[in-house]
Amino acid sequence: MSVKILAIESSCDETSASVLADGKILSNFIANQTIHEQYGGVVPELASRAHQENIVPVVDQALKVAGVRKEELNAIAFTQAPGLIGSLLVGSCFAKSMALALDVPLIAVHHMQAHVLANFIGEDKPSFPFLCLTVSGGHTQIVRCDSPLQMKVIGETLDDAAGEAFDKSAKLLGLPYPGGPLIDKYAREGNPDRFKFPEPQIPGLNFSFSGLKTSILYFLQEQQQKDPQFAENNMADICASIQHRIVSILMNKLVKASKETGIKEIGIAGGVSANSGLRNALQQYGEKYGWKTYIPKFEYCTDNAAMIAMTAWYKYQAGEFVGLDAVPGARAGFEH
Ligand code: KG4
Ligand code: ZN
């Protein structure tokens, strides 16, 4: 008999459900919330309400596409932390109710651990030890993994996350939220060497992006005094130059981490790993330094329930279940 798990992800503004059977993803359904665009960022209360509206149809769709009836499920998994507390509550309450009604075990998953394990969906899985650069809207981490459930954060951002650096830069350029994908789009047509933004000198494996944001702000103010249409007229080159700097900050620390640990199995994960500049850079650095590189499929980079299901599969095999009293947490860590 195969083990079938339903996983639910609701940490931020994506409502997602996925069904997995014996480590294989059968479905991964994601409902995006477009309501936040007009506010320039995710509004927590609106996110919770949208999750409440979406959760039943999303779970229903994931089961249908997988061809699995709820009575066949062996466990229910949910994102426990970190995230917006109201959003997490919708997913966790729904998962608990289903686990109780079906009388199957409940599995609590850490969102950042799941982003890393998105690299383990599919046939070509990394070997251990494995280094992962996880870059999302809320986090920027270099994670050392010694097994699927043994992970240690060895570097992280001291201020903004890489995704925030993209989104805040986009906002300064007058682009709508989330600006990361738009910077990526404009950057494809632009010259990355036209404008030079500084690389912060942060010791060790940690990152900082707040200085970059300030330098972009001053640069744009200065240029727009001379030409009020400066941003519009130079959008591609500005975006390419900003992306080039964010990617170089990330990659230089990843090279340092690989040298310090001697690990050459290297992957990226999280929403920002959808960025074409970062994906190309990982490939190029991989060739230069003899790394074996891993990038999750596009749909598994941004928030999705398939990565929650994959993590739940490892937890199921390890017998890591939780009770109905498991509480979601906005900021909990995940190290084992
Ligand atoms: O992992 P994710 O979907 O949600 C969080 O857990 O935060 O990451 C969202 C972040 C946003 O900041 C978004 O702008 C960024 O990922 N992002 C990108 C791209 N696609 C998503 N940033 C740069 N280039 C992209 N193509
Ligand atoms: Zn995420």
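The values are calculated or read from the model by the stated rules, or taken from the named source; none is laboratory data. On a predicted model such as this, the values are computed, not experimentally measured, just so you know. Please note: Cβ atoms are built from the backbone with ideal geometry, for glycine as well, and neighbour counts cover all protein chains shown. The accessibility values were calculated without ligands, DNA or RNA, using every heavy atom of the protein model including side chains. Shrake-Rupley method; radii C 1.70, N 1.55, O 1.52, S 1.80 Å.
Note on the range 1-130: with neighbouring protein chains present and a 1.4 Å probe, carbon and sulfur make up 54 percent of its accessible heavy-atom surface. Helix-only estimate, please: 222 nm mean residue ellipticity of the chain, summing -39500 (n - 2.57) across DSSP H runs of length 4 or more and dividing by its residues, to the nearest 500. For the chain, the value works out to -13500 deg cm²/dmol.
Rolling a 1.4 Å probe over the protein heavy atoms leaves Arg49 with an accessible area of roughly 130 Å². Using a cutoff of 8 angstrom between alpha carbon atoms and counting only pairs six or more residues apart, the relative contact order for the chain works out to 25 percent.
Sorting 13-19, 53-59 by average packing, meaning the other beta carbons within 10 Å per residue, from highest down gives 13-19, 53-59.
Take Leu172, Leu182 and sort them by solvent-accessible surface of the protein heavy atoms, 1.4 Å probe, largest at the top. Please report the intermediate quantities before stating the final value.
Numbers: Leu172 65, Leu182 45 Å².
Solvent-accessible surface, decreasing: Leu172, Leu182.
Roll a 1.4 angstrom probe over the protein heavy atoms and tell me the percent of accessible area of the range 207-336 that is carbon or sulfur.
On the way: 2890 of 5850 Å².
After summing per-atom areas, the C and S share lands at 49 percent.
For the residues Ile76, Ile268, Ile202, a GNM of the chain with alpha-carbon springs under 10 Å puts the largest fluctuation on Ile202.
Figure legend: label point modelled 7 angstrom from the Cα of Asp227 along Cα→Cβ; residues of the range 157-181 with amide N under 17 Å from it are 173-174.
Under 1.5 on a/c is rounded, so check that first for the range 124-295, then, if it is not, pick prolate when a/b is larger than b/c and oblate when it is not; a ≥ b ≥ c are the square roots of the alpha carbon gyration tensor eigenvalues. Note, shape of the range 124-295 comes out prolate. Residues Met251, Met235, sorted by accessible area with the largest first, give Met235, Met251 [1.4 Å probe; ligands and nucleic acids excluded]. Measuring with a 1.4 angstrom probe and ignoring ligands and nucleic acids, Lys226 comes out at about 140 Å² accessible. Per-residue Karplus couplings for the range 209-215, computed as 6.51 cos²θ - 1.76 cosθ + 1.60 with θ equal to phi - 60°, are listed in order as 10, 5, x, 5, 4, 5, 5 Hz, Gly and Pro entered as x. For the range 256-271, 3J(HN,Hα) computed residue by residue from phi via the Karplus equation (6.51, -1.76, 1.60; θ = phi - 60°) reads 4, 5, 5, 5, 5, 9, x, 8, 10, 8, 10, x, 10, 7, x, x Hz, glycine and proline entered as x. Label separation (Glu320 vs Val56): 3.3 nm, computed from points 7 Å beyond Cα along the C-beta direction. Given axes a ≥ b ≥ c from the Cα gyration tensor, I'd like to know whether the range 1-141 is rounded (a/c under 1.5), prolate (a/b larger than b/c) or oblate. Oblate shape, in that a/c is at least 1.5 and b/c is the bigger or equal ratio.
Please report, largest first and rounded to whole Å, the three semi-axes of the ellipsoid equivalent to the range 140-206, where each semi-axis is the square root of five times an eigenvalue of the C-alpha gyration tensor. The partial results should precede the final answer.
Working: eigenvalues 161, 48, 30 Å².
Those come to 28, 15, 12 Å.
Pick from His115, His244, His51: which residue has the top mean-square fluctuation in a GNM of the chain where Cα pairs under 10 Å get a spring? With Cα springs under 10 Å in the chain, the top fluctuation among His115, His244, His51 is at His244. Which one of Pro129, Ala318, Leu26 is farthest out on the positive end of the charge dipole of the chain, using unit charges on Cβ (Lys, Arg +1; Asp, Glu -1) and the Cα centre as origin? Positive-most Cα among the choices belongs to Pro129.
Express the accessible area of the chain per residue in Å², computed with a 1.4 Å probe while the remaining protein chains stay in the model.
Numbers: 14570 Å² over 336 residues.
Roughly 43 Å² per residue, with all protein chains present.
Calculation over all alpha carbon pairs of the chain in 20 angstrom steps from 0 returns a P(r) of 32, 55, 12, 0 percent.
How large is the dipole of the chain about the Cα centre if only Lys and Arg carry +1 and Asp and Glu carry -1, each at its Cβ, rounded to the nearest 20 debye? Show your work: numbers first, answer last.
On the way: 29 positive and 35 negative charges, 127 e Å.
The calculated dipole for the chain is roughly 620 debye.
Our coupling estimate for the range 182-187, obtained by passing each phi through the Karplus curve with A = 6.51, B = -1.76, C = 1.60 and θ = phi - 60°, is 6, 4, 4, 5, 5, 4 Hz, Gly and Pro reported as x. Partners of Lys256 within straight-line reach, counting lysines whose Cα lies under 28 Å from its Cα and excluding those fewer than 8 residues away in the same chain: Lys125, Lys152, Lys168, Lys196, Lys213, Lys264, Lys288, Lys292, Lys297.
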